[in-house]
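The values are calculated or read from the model by the stated rules, or taken from the named source; none is laboratory data. Fair warning: this is a prediction, and the values are worked out from it, not measured in the lab. Here Cβ is always computed from backbone atoms with ideal geometry, including for glycine, and neighbour counts include all displayed protein chains.
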């Protein structure tokens, strides 16, 4: 494994936490950045669309006593490389991240994904159930995951991914800083709970147009990806799963939690009242407590 690491985050943010390491890996010719923290059972954390490992800055320190947590900037996002010609389908992204997990030397792991990363996590879990896989997902944590049962985005994403929509989108990239502030603020149920570093933190990784090309690549295959995701859901019934949502999520509606949960008979659903799409930021302490309770309880249950 080609990897280097430092003791502090190599980012423009002053809030690096003790015990969180920045690491790099060459993955199929792509320089991939990820954060690592803690000791214990491996836990992979996948960010959402236009996010990166920065999303987990309040979660990683809380996990240090309970898990070895790995939070990647998926290729095309964050401070990882943005290669041209990258296959952005959920299937290809899942395969790419599973190769990364294998390169970490991890074989059995817990998997947490949020938003688009939640959909990728479900695809990864399904692939691990295949007879030719040497990897095993022990437990799933899905935080407002993109899914076939949320109406929001079902038409908007394919439009933005179309030639007309992407052309329109590119016209506004020079003004994206101001537009992004508005869009980002809408992701919270209560704007007074937006962390002070949030806007600048996310925008710092979106300073080049290549970042938006990555997002456009994802939405171009949105409809087909959701169709494939729905087809693999019945395969995941055996995996203990925690579903977490904000009741005021404007991006992936909390009403989709119930139909999604039907595919996970071994699941628990937690809805945070008044919270938006980013509960790991907007109610970080409560989110961390629910996450850790699930991990610890499931570990005790599996060992008894």
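Taking only pairs six or more apart or across chains, which ones have beta-carbon atoms under 8 Å, a first residue in the stretch 29-55 that is touching a residue at least 60 places away in the same chain (Cβ under 8 Å) and on the phi > 0 side of the Ramachandran plot, and a second residue that is surrounded by fewer than 22 Cβ atoms within 10 Å (Cβ to Cβ) and in a loop (DSSP other than H, G, I, E, B)? These pairs meet every condition: 50/206.
Looking across the stretch 54-74, the residues that are closer than 20 Å to residue 217 by Cβ and either at pLDDT below 95 or touching a strand residue (DSSP E or B) at 6+ places or on another chain (Cβ under 6 Å) (or both) come down to 72, 73.
Regarding residue 39, is this residue in a loop (DSSP other than H, G, I, E, B), more than 24 Å from residue 146 (Cβ to Cβ), touching a helix residue (DSSP H, G or I) at 6+ places or on another chain (Cβ under 7 Å) and at pLDDT below 95? Working first, answer last.
Numbers: in a loop (DSSP other than H, G, I, E, B): yes; more than 24 Å from residue 146 (Cβ to Cβ): yes; touching a helix residue (DSSP H, G or I) at 6+ places or on another chain (Cβ under 7 Å): no; at pLDDT below 95: yes.
No; evaluated as a whole, the condition is false for this residue.
When the helices (runs of 4 or more DSSP H) confined to the stretch 220-290 are screened for residues that are farther than 18 Å from residue 185 by Cα, modelled with pLDDT of 95 or more and more than 16 Å from the chain's Cα centre (by Cα), those reaching at least 2 such residues are found at 222-232, 257-261.
A quick yes/no check of all residues on (1) touching a strand residue (DSSP E or B) at 6+ places or on another chain (Cβ under 8 Å); (2) within 15 Å of residue 110 (Cα to Cα):
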{"site": "242", "(1), (2)": "yes, yes"}
{"site": "247", "(1), (2)": "yes, no"}
{"site": "251", "(1), (2)": "no, no"}
{"site": "262", "(1), (2)": "no, no"}
{"site": "269", "(1), (2)": "yes, no"}
{"site": "287", "(1), (2)": "yes, no"}
{"site": "293", "(1), (2)": "no, yes"}
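Looking at this structure, is residue 225 touching a residue at least 60 places away in the same chain (Cβ under 8 Å), within 19 Å of residue 117 (Cα to Cα) and in contact with a helix residue (DSSP H, G or I) (Cβ under 9 Å, 6 or more places away or on another chain)? Yes.
Among the residues of the stretch 195-215, which ones are part of a helix (DSSP H, G or I) and buried (at least 16 other Cβ atoms within 10 Å of the Cβ)? Don't jump to the end; show me each part of the working.
Applying the first criterion (part of a helix (DSSP H, G or I)) to the stretch 195-215 yields 198-204, 209-215.
Those that are part of a helix (DSSP H, G or I) and buried (at least 16 other Cβ atoms within 10 Å of the Cβ): 198, 201, 202, 203, 204, 211, 212, 213, 214, 215.
Every condition in (1) over 16 Å from residue 34 (Cα atoms); (2) out of contact with any strand residue (DSSP E or B) (no Cβ under 9 Å at 6 or more places or on another chain); (3) at pLDDT 95 or above is met by residue 85 except one, and the failing one is (3). Selection over the stretch 100-118 of residues that are in a helix (DSSP H, G or I) and out of contact with any strand residue (DSSP E or B) (no Cβ under 8 Å at 6 or more places or on another chain) gives a count of 2.
Here the condition is being surrounded by fewer than 21 Cβ atoms within 10 Å (Cβ to Cβ), under 30 Å from residue 194 (Cβ atoms) and without any contact (Cβ under 8 Å) to a residue 24 or more places away in the chain; of 251, 257, 261, 231, it holds for 261 alone. Scanning the stretch 43-73 for residues that are surrounded by fewer than 20 Cβ atoms within 10 Å (Cβ to Cβ) and in a strand (DSSP E or B) turns up just one, 68.
Every residue, every condition in (1) loosely packed, with under 14 Cβ neighbours inside 10 Å; (2) touching a strand residue (DSSP E or B) at 6+ places or on another chain (Cβ under 7 Å); (3) modelled with pLDDT under 85; (4) under 23 Å from residue 108 (Cβ atoms), yes or no:
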{"site": "3", "(1), (2), (3), (4)": "yes, yes, yes, yes"}
{"site": "6", "(1), (2), (3), (4)": "yes, yes, yes, no"}
{"site": "14", "(1), (2), (3), (4)": "yes, no, yes, no"}
{"site": "22", "(1), (2), (3), (4)": "no, yes, no, no"}
{"site": "34", "(1), (2), (3), (4)": "no, yes, no, yes"}
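Yes or no: residue 110 more than 16 Å from residue 280 (Cβ to Cβ) and at pLDDT 95 or above? Considered against the rule, which asks whether it is more than 16 Å from residue 280 (Cβ to Cβ) and at pLDDT 95 or above, residue 110 comes out as no.
Restricting the first member to the stretch 119-140 and to residues that are at positive phi and in a helix (DSSP H, G or I), and the second to residues that are at pLDDT 95 or above and surrounded by fewer than 24 Cβ atoms within 10 Å (Cβ to Cβ), no beta-carbon pair is closer than 6 Å while six or more apart or on different chains.
Checking each residue in the stretch 19-36 for being closer than 18 Å to residue 218 by Cβ and touching a helix residue (DSSP H, G or I) at 6+ places or on another chain (Cβ under 7 Å) picks out only 32.
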